[in-house]
Amino acid sequence: MAYFKLQGVGKSFGVRRVLHEVNLFVEEGEFVTIVGTSGSGKTTLIKIASGLMNPDTGGVFLAGLPVTSFPARAAMVFQNYSLLPWLSAKENVRLAVESAFPQWNRTQQLDQVTKYLEIVGLGAAAGKRPGQLSGGMRQRVAIARAFAVEPALMLLDEPFGALDALTRATLQAELIKLIGQQSPRATVLMISNSVDEAILLSDRVVALGTKLSPAVPVTLAHPRTHKALQHEEEAVKVKARITEFLLAAGTAKSAECQPVEPRILAQVVPE
Amino acid sequence: MVAAIKNFLLSLVGIALVIGVWAAVSTWFSADLPSPIKTWKESELYVLQPWEKRGEMDQGIGLMAMYSLIRVAKGFLLGILFGAPLGLLLGASQLLSKMFDPVIQVLRPISPLAWLPLGLILFRQSEPAALFTIAVCSMWPTVINTMHGVRSIPQDYVNVAKVLRLSPWKRFTKVLLPSTLPYMFTGFRLSLGIAWLVIVASEMLTGTPGVGGFLWQEYNSLVYSHILLCILTIGVVGFTLDRLMGLIEAKLRIA
Amino acid sequence: MSVERPLEITSLSKAFGPAVPVVKDFSARVQPREIVAILGHSGCGKSTVLSIIAGLQDATQGGVVIDGREISGPGLDRAMVFQSPSLLPSLTALGNVLLAVEQAYPKNTRRQCREIAQRYLDLVGIGEYATQKPRELSQGTQQRVAIARAFSMEPRFLLLDEPFGMLDSITRCELQDLLLELWTAKPRTIILVTHDVDEALFLSDRIILMTDGPEARVGTEIQVGLPRPRSRAALTELPEYFGMRNEVIEFLESHSKQFKQ
């Protein structure tokens, strides 16, 4: 039985039907990415998968139990960091650790915080507030916060969408490293608008058009690099298949023709 | 730097013009209105010896202002002590806010002069009545701004509370309160302004020692120059208070 | 219909001053209604070659011959699409296309020109955005306007300089599809400069690989004999596909090393 299941999920906003009969089965320890263009409904999908939003039809199940609110032993990384601006990096991560491990004493909690901040390379910047950190660093804190709770399920909502190409590549590599270090491996569900990113990180890639495409497995050996993506036959084939599905879906076209909305990042200064 | 000096000189010109108009009015339009010079002569003592106490109602301007400020502080704190939690509650609960919104809108515009007699009935003595009046009049900006602050919490922070599965207490202290604080503070600043207004009115009505009390007493004693002294004092103190609050508010924003 | 002659690029050389020889002895022949892709590393001079063909720059030596006559300056027979849409921000989408139409059809009335412009916007799928200004449109949509503008001149030669480079991969593929659609409906000669191997293989009949600068020239040519209509997924299943792909990549990599020497 699949560890993480979305069954018959549907959602409409008024007359607009965003999701219809979505079925997705993720095995334990798998990394699945859902690729779609903006407007395809993937944000809605991950909100429903994480329990932050309730579907109109169908349900979400984690280890057999229905998901109606954000599950315990799960963590989420958002596109716009979602760090509390009045807390330092260390305190932000600690807030998560406290909640996840209330039985630990203060020293244990702080050790955990330091451990993960150092893994993402922010040991020195632990005392800084988000307003003093760059976009890439903030996202690192968000990632550290997610891993520090040692989640069984990890949800990633276009985590690198707001970053420049170079930072994006660096953080992708770090994410691969972090996931590899975990034992047992977390089950990961990510949404992205980049097919390349999906192939780089995932075990299986699914495209979201008007419906969910069949999953395309990616069996390339780790560690994967962007260069390998250019050369490896399998990567090129997977990319072609996913691209074709998205093009055929037609929603890609109508989404592209919409004027682009500016990405609004959280104001890090309290208003 | 040059701009700052220029602005300062300009404001001096503005003040001089007002004094000029005052002098003109007192010379040509109203014999009762003391001229600036007369005002100064008769108020010298109070200003130059601000902390002197010569009699219950004959004290230096510094002491008078102090009495008023102490009362304001008490009433203001009382007001925000009720107002802030009320604002938080109404902001967080749709139900409660729908219940009480009309009530707030009706109570808000009521002048202190209307509340004071009620205060006197309830508390019998002028001091608690004054505090009650200050609290009831000044709390509304705090309530409303706090309410607004709670409703304006960015979705991102709400998401954080959800995905970290924070306990309600943690959610309140680590997310809601810090996020609402700047709004609350704006409310406090406005409330303080109103509290200062109210104290003068309430002192005038009850005759207690303080800037307002002194003002009314001097009016009844026909020493009009002291009225003007009080007016100026009230203005300066009010301005100073607002400036101080502004500085604190600015500190909060950077944080 | 008269027999069309190929476009000839003969020993094209371009130097920006004596110490900066960008292109040297670049020669190629483009058949009528062929789609040719020019690939090379950035800075190798491929954009320079294209802009010389467009008539936006002069060659230092050699030249471009169309119908037996050497070109001099830009013309309505050669339309260009750049990497950035380069639309006039004060004009609407329709207004931008209209500029080109009025140039191409000087004898038409204004109303006729507007109808033609609208028709081309419809053709590229954005008819409904005719009255919007560029800043209200996404990058992909702006690029469609630029394509409409180029096509509205019904040019004999369409020159594209990394036209989809700034777009995300899905939008890029959509516009590639659009280009092929328009070319299939009304074939014309297309010369496309790109650095995306898969794009070149998907679109073109022939790939010209340029060596690195300075003094870049034609390194090698590859005939892309893949049957049309092409589907990306199906292409990757063909054995020849990866053969050609690897040839291109190896060429680019080996020349990159030479350059670094």
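Take the conditions under 17 Å from the mean Cα position of the chain (by Cα) and hydrophobic (A, V, I, L, M, F, W, C) and apply them to A:Phe147. Does it pass? In short, yes.
Taken over the range B:31-59, the criterion of being touching an Asp or Glu at 6+ places or on another chain (Cβ under 8 Å) and within 26 Å of B:Thr133 (Cβ to Cβ) is satisfied by B:Gln59 alone. Filtering the range A:167-191 to residues that are in a helix (DSSP H, G or I), modelled with pLDDT of 90 or more and among the polar types (S, T, N, Q) leaves only A:Gln172. For C:Leu252, the stated conditions do not hold, so it cannot be described as touching a helix residue (DSSP H, G or I) at 6+ places or on another chain (Cβ under 7 Å) and either outside any loop (DSSP other than H, G, I, E, B) or within 13 Å of another protein chain (Cβ to nearest Cβ) (or both).
Output the number of residues of the range B:204-233 satisfying the condition of being in a helix (DSSP H, G or I) and either charged (D, E, K, R) or touching a helix residue (DSSP H, G or I) at 6+ places or on another chain (Cβ under 6 Å) (or both).
Taking the range B:204-233 and keeping what is in a helix (DSSP H, G or I), we get B:204-206, B:211-220, B:224-233.
Retained after the next criterion (residues that are either charged (D, E, K, R) or touching a helix residue (DSSP H, G or I) at 6+ places or on another chain (Cβ under 6 Å) (or both)): B:204-206, B:211-216, B:218-219, B:225-230, B:233.
Total satisfying the criteria: 18.
Of all residue pairs spaced 6 or more apart or on separate chains, those with beta-carbon atoms under 8 Å, a first member in the range C:125-152 that is within 22 Å of C:Gln103 (Cβ to Cβ) and within 12 Å of chain A (Cβ to nearest Cβ) and a second member that is crowded, with 22+ Cβ neighbours inside 10 Å and charged (D, E, K, R) are C:Ile126/C:Arg144. When the range C:201-225 is limited to residues that are touching a Phe, Trp or Tyr at 6+ places or on another chain (Cβ under 8 Å) and within 17 Å of C:Ile249 (Cβ to Cβ), the one that is surrounded by the fewest Cβ atoms within 10 Å (Cβ to Cβ) turns out to be C:Thr220. Is it the case that some residue within the range C:94-116 is assigned to a loop (DSSP other than H, G, I, E, B) and buried (at least 21 other Cβ atoms within 10 Å of the Cβ)? Looking for residues that are assigned to a loop (DSSP other than H, G, I, E, B) and buried (at least 21 other Cβ atoms within 10 Å of the Cβ), one finds none in the range C:94-116, hence no.
Is it the case, given these coordinates, that C:Ala185 is within 14 Å of chain A (Cβ to nearest Cβ) and of a type outside the set (D, E, K, R)? Answer is no for this residue.
Exactly one residue among A:Gly14, A:Gly10, A:Gly41 is over 23 Å from A:Gly180 (Cα atoms), away from chain B (no Cβ under 14 Å), of a type outside the set (Ser, Thr, Tyr) and in contact with an Asp or Glu (Cβ under 9 Å, 6 or more places away or on another chain), and that residue is A:Gly10. If you go through the range B:41-76 and pick out every residue that is surrounded by 14 or more Cβ atoms within 10 Å (Cβ to Cβ) and closer than 30 Å to B:Ile144 by Cα, you end up with 11.
In this structure, does A:Leu229 turn out to be at pLDDT below 85, assigned to a loop (DSSP other than H, G, I, E, B) and closer than 22 Å to C:Asp198 by Cβ? The answer is no for A:Leu229. Out of A:Ser194, A:Ser213, A:Ser183, one residue alone is within 24 Å of A:Pro71 (Cβ to Cβ) and not aromatic (Phe, Trp, Tyr). It is A:Ser183.
Looking only at residues of the range A:98-110 that are more than 9 Å from chain B (Cβ to nearest Cβ), part of a helix (DSSP H, G or I) and out of contact with any Asp or Glu (no Cβ under 8 Å at 6 or more places or on another chain), we find that the one that is nearest to B:Pro154 (Cα to Cα) is A:Leu110.
Is it the case that C:Arg119 is in a helix (DSSP H, G or I), closer than 30 Å to A:Ser38 by Cα and at the interface with another protein chain (Cβ under 10 Å from one of its Cβ atoms)? Don't jump to the end; show me each part of the working.
Details: in a helix (DSSP H, G or I): yes; closer than 30 Å to A:Ser38 by Cα: yes; at the interface with another protein chain (Cβ under 10 Å from one of its Cβ atoms): no.
For C:Arg119, the condition - in a helix (DSSP H, G or I), closer than 30 Å to A:Ser38 by Cα and at the interface with another protein chain (Cβ under 10 Å from one of its Cβ atoms) - is not met.
Within the range C:170-179, at least one residue is in contact with a Gly (Cβ under 9 Å, 6 or more places away or on another chain) and of a type in the set (D, E, K, R). Taking the criterion of being more than 11 Å from chain A (Cβ to nearest Cβ) and hydroxyl-bearing (Ser, Thr, Tyr), the residues of the range B:137-166 that qualify are B:Ser138, B:Thr142, B:Thr146.
Looking only at helices (runs of 4 or more DSSP H) that fall completely inside the range B:1-107, which ones have 2 or more residues that are among the aromatic types (Phe, Trp, Tyr)?
Working: elements: B:2-24, B:36-48, B:61-92, B:94-107.
Counting at least 2 such residues, we get B:2-24, B:36-48, B:61-92.
Taking the conditions exactly as written (part of a helix (DSSP H, G or I) and at pLDDT below 75), does A:Ala255 satisfy them or not? For A:Ala255, the condition - part of a helix (DSSP H, G or I) and at pLDDT below 75 - is met. Take C:Thr141 and decide whether it is of a type in the set (Ser, Thr, Tyr), crowded, with 20+ Cβ neighbours inside 10 Å and assigned to a helix (DSSP H, G or I). So C:Thr141 passes the test.
Restricting the search to the range A:111-137, which residues are part of a loop (DSSP other than H, G, I, E, B) and under 15 Å from A:Ser88 (Cα atoms)? Can you show your working first?
As a first pass, look at the range A:111-137 and keep what is part of a loop (DSSP other than H, G, I, E, B): A:120-129, A:133-134.
Within the range A:111-137, A:Leu122, A:Gly123, A:Ala124, A:Ala125, A:Ala126, A:Gly127, A:Lys128, A:Arg129, A:Leu133, A:Ser134 meet the criteria.
Taking the criterion of being more than 8 Å from every other protein chain (Cβ to nearest Cβ), under 20 Å from A:Lys239 (Cα atoms) and either small (Gly, Ala, Ser) or not in a strand (DSSP E or B) (or both), would at least one residue in the range C:154-164 satisfy it? Lay out the reasoning, then the answer.
Pass one, the range C:154-164, residues more than 8 Å from every other protein chain (Cβ to nearest Cβ): C:154-164.
Applying the additional criterion that residues be under 20 Å from A:Lys239 (Cα atoms) yields C:164.
Those still in the list that are either small (Gly, Ala, Ser) or not in a strand (DSSP E or B) (or both) too: C:164.
Yes, some residue in the range C:154-164 is more than 8 Å from every other protein chain (Cβ to nearest Cβ), under 20 Å from A:Lys239 (Cα atoms) and either small (Gly, Ala, Ser) or not in a strand (DSSP E or B) (or both).
Considering only residues that are small (Gly, Ala, Ser), in a loop (DSSP other than H, G, I, E, B) and at pLDDT 90 or above, which ones fall in the range C:195-230?
Just the residues of the range C:195-230 that are small (Gly, Ala, Ser), to begin with: C:200, C:204, C:213, C:216, C:219, C:225.
Narrowing further to those that are in a loop (DSSP other than H, G, I, E, B): C:204, C:213, C:225.
C:Ser204 - this is the single residue of the range C:195-230 that is small (Gly, Ala, Ser), in a loop (DSSP other than H, G, I, E, B) and at pLDDT 90 or above.
Residues being touching a residue at least 40 places away in the same chain (Cβ under 8 Å), assigned to a loop (DSSP other than H, G, I, E, B), closer than 30 Å to A:Arg241 by Cα and assigned by TED's automatic domain parsing to the domain that holds A:Asp196 are represented in the range A:46-68 by at least one member. Scanning the range A:51-97 for residues that are touching a Pro at 6+ places or on another chain (Cβ under 8 Å) and small (Gly, Ala, Ser), we see that the one that is farthest from the other protein chains (Cβ to nearest Cβ) is A:Gly59. Filtered by the rule that a residue be assigned to a loop (DSSP other than H, G, I, E, B) and surrounded by fewer than 16 Cβ atoms within 10 Å (Cβ to Cβ), the range C:58-85 gives C:Asp58, C:Asp67, C:Gly68, C:Ser72, C:Gly73, C:Pro74, C:Gly75, C:Leu76, C:Ser84.
Do we find that A:Arg241 is touching a helix residue (DSSP H, G or I) at 6+ places or on another chain (Cβ under 7 Å) and part of a loop (DSSP other than H, G, I, E, B) in this structure?
Details: touching a helix residue (DSSP H, G or I) at 6+ places or on another chain (Cβ under 7 Å): yes; part of a loop (DSSP other than H, G, I, E, B): no.
Here the answer is no, as A:Arg241 does not meet what is asked.
The values are calculated or read from the model by the stated rules, or taken from the named source; none is laboratory data. These numbers were taken from a predicted model, which means no experiment stands behind them. Backbone-built Cβ (ideal geometry, glycine too); neighbour counts: all protein chains shown.
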